[in-house]
Amino acid sequence: MDGELVCRVLRLMDLTDSRLAAGGCEKLELAMMSFFEAFRKIYVGEQVQKNSKVYGRLSEVLGVNDESQLLSVIMRKIITNLKYWGGSEPIISKTLTLLSDLSGGYSCVRKLVKLEEVQFMLTHHTAEHFPFLGVGAGTAEMRCRSRLYTALGRLLMVELGEDEDRFHAFMMPLTAAFESIIGLLNSGDSAMFASEDAKKTYIGLARDLRGLAFAFNTKTTYMMLFDWIYPVYLKVVLRGVELWFSEPALTTPALKLAAELAQNRNQRLQFDVSSPNGILLFRELSGIICAYGSRILTIDVNKKQMYAMKLKGISLCFTILKAALCGNYANFGVFRLYGDEALDNALNMFVKLLLSIPQSDLLDYPKLSQTYYVLLERLAQDHMPFLASLQPDATLYILSSISEGLTALDTSVCTGCCATLDHIVTYLFKQLVQKTSNKVPNPRQPPPETSNMFIEVLQRRPEIMQQLLATVLNVVMFEERCNQWSMSRPLLGLVLLNEEQFARLRADIIAQQPRDRQPQLAHWFHGLMQGIERNLLTKNRDRFTQNLSMFRRDINDLLKGSSVTTTSSVNDMMTS
């Protein structure tokens, strides 16, 4: 029955395609794409029985004998849609979804590359054959370009190997587009470079390259792309950001391209020891972040336009920096060693951009908050001396954002804040506590630097760490969270740094209980610190985490159903 249905649809498709020059029915085309997508899920791919009766019926009626021949039919339909329906975003989008799904299968993609239709697409991806790639395409259709080039990139990779000639032949349309923009830049005609055609060419290139960069997830293919785009074409991307910083339609695709290039997906950015490429890439990324950030801070927008005009771009800058810092492909110690300011410039721009964001907006926009908190965690892990040197307003802002994040509904945000706070507390503990211990100093090692702004702020405002202690303790005791382990890690350091405040909190919580329960709760609090030493070594941390787990289990039934909360103020004292 399925075979008969496919036969009828293919006959109808032949009829409608033959009349496309005179127009067609959009709803019918969308229905056909849905049909092919459903067919792909059932009859195309690794898990499908190849002797399916469907192909028997197709062979009898249409002469389509196997999966490869049917894939050829589907690819012809995809090419037809991209050629004739360039002005219909729904059809282009649905067609590219089908192409993307087909190119994502391991065995399917190897059959596809043997087809003439696929080889045609790999050598003719131009506006002449696919009008939605031209400058006359609408904004909605242009958004689909990344998906097309992701699929084409996957298909190209199958047989590409190390064939650079074939790669450069594939890149010819993009090379020509870049050269046309460079020609406008060199001509000095600002009016021409500001024309709509130039802008659309720039947007299209950014979207196309982002799709390719996403698909090229092996070291060999990524390096081909990097060698092609660096340094000349990356400078063009940077120049566009500098000129059009106030137009999100242009900056967003460019920043997303930079973010994709920064992603070390599948370890594709593991450069050789003697290669400078990791540092060169980070320099370019830093330049783009600073170029956009320094300019976007100069414009004022109203509240309704805040996200579209500023926060989205700032969020993408955070994404770029996060990917670069987490990618492990650049030795950041080298930058300061040789006086390279790329790292410091990027980090300082991050702080300026952060302080420009109203505190309330951080958690209001999920993409912004998730990126920010992951980036902050990485900075606390690997660049704590930088955070420790920040001015008081930045320090207070960051600590306040951590306090807000600890109570966020998004578990990933809360968990990231716990890790960040743990790094900060560990740093403070080493700086403030261990220098007063009787530990024998290493005569050949200089004393640790303690005169930093971070510690000065906290010494002047001790209530900040006290409030963080109250917040974490409150969440651990009275809220059901799936990340209890993460919450436990910074708690020990907070307790050791605020022993007097912890004693007051403990006394307040015990005093709130009915008199007959107080001795039991006091006993459990005593058990919480049983065997805990005054250090943050891993063994001591693990023991505290175990104690906390038993502590929480014991008091859970005791406190269940009661409306007890800590009497310590958990208001945001950092903004006062």
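The values are calculated or read from the model by the stated rules, or taken from the named source; none is laboratory data. Just so it is clear, the structure is predicted and the values come from calculations on it, not from any experiment. As a convention, Cβ positions derive from the backbone with ideal geometry for all residues, glycine included, and neighbour counts pool all protein chains shown. SASA here: full protein model, heavy atoms, side chains in, ligands and nucleic acids out. Shrake-Rupley method; radii C 1.70, N 1.55, O 1.52, S 1.80 Å.
Stokes-Einstein diffusion coefficient for the range 243-282 at 25 °C in a medium of 0.890 mPa s, Rh from the Kirkwood formula over Cα pairs: what value in µm²/s?
The diffusion coefficient I find is 206 µm²/s.
By its C-alpha gyration tensor, with a ≥ b ≥ c as the square roots of the eigenvalues, how is the range 495-557 shaped: rounded for a/c under 1.5, else prolate for a/b larger than b/c, else oblate?
Here the range 495-557 falls in the oblate category.
Ignoring everything except DSSP H segments at least 4 long, calculate the 222 nm mean residue ellipticity for the chain; use -39,500 (n - 2.57) per segment, divide by total residues, nearest 500. Please list the in-between numbers first.
Values: 31 runs with 402 residues, N = 576.
So the calculated ellipticity at 222 nm is -22000 deg cm²/dmol.
What does the extension gain come out to for LYS235 and SER52, with contour length at 0.36 nm per residue minus their alpha carbon separation?
60.5 nm
Quick one: work out Rg over Rh on the C-alpha atoms of the range 41-197, Rh as Kirkwood radius.
Working: Rg = 18.5 Å, Rh = 17.5 Å.
Across the range 41-197, the Cα-based Rg/Rh ratio is 1.06.
Rank these residues by their accessible area, most exposed first, probe 1.4 Å: LEU325, LEU537, LEU355. Mind dumping the intermediate values first?
Working: LEU325 5, LEU537 115, LEU355 70 Å².
So, going from the largest accessible area down, we get LEU537, LEU355, LEU325.
Relative to the first principal axis of the alpha-carbon coordinates of the chain, what is the inclination of helix 219-229, with its axis defined by its Cα atoms, in degrees from 0 to 90 and to the nearest 10?
It works out to around 80 degrees.
For the range 100-180, just say rounded, prolate or oblate: build the C-alpha gyration tensor, square-root its eigenvalues into a ≥ b ≥ c, call rounded for a/c under 1.5, and beyond that prolate if a/b exceeds b/c, oblate if not. Mind showing how you got there, number by number?
Working: a/c = 2.13, a/b = 1.35, b/c = 1.58.
Oblate, because a/c is 1.5 or more while a/b does not exceed b/c.
Subtract the Cα-Cα distance of LEU432 and GLU463 from 0.36 nm times their separation in residues, and report this length gain in nm to one decimal.
In short, 9.5 nm is gained.
Once ligands and nucleic acids are excluded and a 1.4 Å probe is used, how much of GLU4 is accessible, expressed in Å² to the nearest 10?
50
Find how much the distance from ARG336 to THR298 grows on full extension, using 0.36 nm per residue of separation minus their present alpha carbon separation; answer in nm with one decimal. Don't skip to the answer; put the middle values down first.
Working: separation 38, 0.36 × 38 = 13.68 nm, distance 2.88 nm.
Result: 10.8 nm gained on full extension.
Net charge near GLN484, counting Lys/Arg +1 and Asp/Glu -1 over other residues with Cβ under 13 Å of its Cβ?
That works out to +2.
Please give me the summed charge of the neighbours of GLY293: other residues whose Cβ is under 12 Å from its Cβ, Lys and Arg +1, Asp and Glu -1.
Residues near GLY293 contribute +2 overall.
For the Cα atoms of the chain, what angle does the longest principal axis make with the long axis of helix 248-262, in degrees from 0 to 90, nearest 10?
80
Can you give the local net charge around ASP344? Use residues other than it whose beta-carbon is closer than 15 angstrom to its beta-carbon, Lys and Arg +1, Asp and Glu -1.
Net charge in that neighbourhood comes out at 0.
What angle, in degrees between 0 and 90 and rounded to the nearest 10, separates the Cα long axis of helix 2-18 from the longest principal axis of the Cα atoms of the chain?
70
For a quick check of understanding: with a 1.4 angstrom probe and all protein chains in place, what accessible area in square angstrom does LYS77 have, to the nearest ten?
0
Shape call for the range 208-254 from the C-alpha gyration tensor, a ≥ b ≥ c root eigenvalues: rounded (a/c under 1.5), prolate (a/b greater than b/c) or oblate?
Taking the square roots of the gyration eigenvalues as a ≥ b ≥ c, the range 208-254 is oblate.
So with the 1.4 Å probe, I'd like the accessible area per residue for the chain, rounded to whole Å².
Per residue, the chain has an accessible area of 46 Å².
I'm a student and want to see the number: the projected area of the Cα convex hull of the range 107-252, averaged over all directions, in nm².
Value for the range 107-252: 8.9 nm².
Report the relative contact order of the range 180-281, percent, no decimals, based on alpha-carbon pairs under 8 angstrom and at least 6 residues apart.
Answer for the range 180-281 is 32 percent.
Pop out the carbon and sulfur fraction of the accessible area of the chain as a percent, whole number, probe 1.4 Å. Each step should come with its number before you reach the end.
Working: 13940 of 26720 Å².
Answer for the chain: carbon and sulfur cover 52 percent of the accessible area.
Could you go through the range 139-144 in sequence order and give the Karplus-derived ³J(HN,Hα) for each residue, using 6.51 cos²θ - 1.76 cosθ + 1.60 with θ = phi - 60°, rounded to whole Hz, and x for Gly and Pro?
4, 5, 5, 5, 5, 7
Relative contact order of the chain, please, whole-number percent, based on alpha carbon pairs below 8 angstrom and at least 6 residues apart.
8
Could I have the simple spin-label model distance between GLU116 and ARG76, label points 7 Å from Cα toward Cβ, reported in nm to one decimal?
Taking the simple label geometry, GLU116 and ARG76 are separated by 1.0 nm.
Can you work out ³J(HN,Hα) from phi for every residue in the range 386-397, in order, using Karplus 6.51 cos²θ - 1.76 cosθ + 1.60 and θ = phi - 60°, giving whole Hz and x for Gly and Pro?
Result, ordered by residue: 5, 4, 5, 9, 5, 5, x, 4, 5, 4, 5, 4 Hz.
For the pair ASP197 and ASP508, what calculated FRET efficiency results from E = 1/(1 + (r/R0)^6), where r is the Cβ-Cβ distance and R0 = 45 Å, to the nearest 0.05? Don't jump to the answer; show the numbers that get you there.
Values: r = 69 Å, r/R0 = 1.53.
E(calc), rounded to 0.05, equals 0.05.
Calculate I(q)/I(0) for the chain by the Debye formula, one identical point scatterer on each C-alpha and no solvent, and give its log10 at q = 0.10 Å⁻¹ to two decimals.
-0.97
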